[in-house]
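J.: Here it is, the structure in full.
What follows is calculated from the coordinates using simple rules that are stated; it is not laboratory data. Note that this is a predicted model, so its numbers are computed, not measured. Note that each Cβ is placed from the backbone with ideal geometry, even for glycine, and that neighbours are counted across all protein chains shown.
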Amino acid sequence: MQIPIYQVDAFASAVFAGNPAAVCPLDAWLADDVMQAIAAENNLSETAFIVKRGTDFDLRWFTPALEVELCGHATLGSAYVIATYLEPGRDEVVFHSPSGPLTVTRNGAWYTLDFPAVPAEAVVANTQAVAAALGAAPAEVRRAGKLMAVFASESQVHDLKPDMAQVLALDGDGVIATGPGAACDFVSRYFAPHAGIPEDPVTGSAHCVLTPYWARRLGKARMTARQISRRGGDLVVEDRGDRVGISGQVAPYMEGHIRV
């Protein structure tokens, strides 16, 4: 069996930046273990599988280690693949996902995810363990499934040297590190060794947590953000109450077929 595959760099305007994602359009779902094996073979943060449903698409995401309930960059990449290769010129796509319906709209080169907001609650007990895992003490720690460590500056976030074994031992869906940005509203990094991703290059789902926090702190709904991983990625986010808008660009890298 041959399956089409597209690899794109999401939240980037040119290749070799942003977060790589593989997108595999299917006629029908493969067995779960086969999709997991494909994702492990691709060895990217996420591989997305899409199946047409009327005018919409069903969507699932796999890291090299497990299936996840929400992924931003591979959703962005899937919308790009549909609008560019499968149904050229399409400006809106609705995905049915493990996290419910997700709409992506296109405006020129920019794609905007409509995702659920996930406000973080303050946490006190985990502060010392998070500081030990990240190698620096945050000003505060919050939780929204993912732990979020808030630092005073971009340089502190940039200079973190996490101990992945200690990050893995924390009780949470990975750790977001964030702080105010020097040339944007806020910056972040995301560590997810439990999902087979020591550091994710650019994480859409983390911005479901980051957006409501920074909107309240900065007193503004629309903000610019940058994930300052080694590859780096740029986003525009918007607080919409119980939803968030997460916008970015996509750069195509590769297209071909895989054999299963």
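J.: Which percent of Cα pairs goes in each bin when the distances of segment 1-129 are cut into 5 angstrom slices starting at zero?
T.: Per 5 Å bin, starting at zero, the Cα-Cα P(r) for segment 1-129 comes out as 2, 10, 20, 23, 18, 12, 7, 4, 2, 1, 0 percent.
J.: Still on this structure, I have one more. Between residue 58 and residue 40, what is the spin-label point distance in nm, taking each point 7 Å from the Cα along the Cα→C-beta axis?
T.: Calculated label separation equals 2.3 nm.
J.: What's the longest piece of the chain with no exposed chymotrypsin sites (Phe, Trp or Tyr not before Pro), counting a site as exposed if DSSP puts it in a loop and it has at most 12 other beta carbons within 10 Å?
T.: Here the longest segment lacking exposed loop sites spans 30-260.
J.: Mind jotting down the three principal axis lengths of segment 121-239 based on Cα atoms? Whole angstrom, largest first.
T.: 35, 30, 23
J.: Follow-up. Please report the net charge: other residues with Cβ closer than 10 Å to the Cβ of residue 162, K and R +1, D and E -1.
T.: Computed value for this residue: 0.
J.: Any chance you could check the Cα centroid distance between segment 187-260 and segment 1-46 for me, in angstrom?
T.: 18
J.: Pulled fully out, how much extra length does the chain show between residue 220 and residue 254, if you take 0.36 nm times their separation in residues and subtract their Cα-Cα distance?
T.: This chain segment gains 8.5 nm when fully extended.
J.: In addition: How high is the relative contact order of segment 121-239, in percent, counting Cα pairs under 8 Å that sit 6 or more residues apart?
T.: About 19 percent, as a whole number.
J.: Over segment 39-191, what is the mean sequence separation of C-alpha contacts under 8 Å (at least six apart), divided by residue count, expressed as relative contact order in percent?
T.: Relative CO of segment 39-191 lands at 13 percent.
J.: When the helices in the chain are scored as -39500 (n - 2.57) per DSSP H run of 4 or longer and the sum is shared across all residues, what 222 nm value do you end up with, to the nearest 500 deg cm²/dmol?
T.: -5500 deg cm²/dmol
J.: Which angle between 0 and 90 degrees, to the nearest 10, do you get for helix 32-42 versus the longest principal axis of the chain when only C-alpha atoms count?
T.: Between the helix axis and the principal axis of the chain, the angle is about 70 degrees.
J.: Quick one: compute the contact order of the chain, relative version, from alpha carbon pairs under 8 angstrom and 6+ residues apart, as a percent.
T.: Relative contact order of the chain: 23 percent.
J.: Additional query: Would you mind checking which residues have amide H under 5 Å from residue 222's amide H? H placed 1.01 Å from N; only 5 or more apart, or other chain.
T.: Residues meeting the criterion, in which the H sits 1.01 Å from N, are 239.
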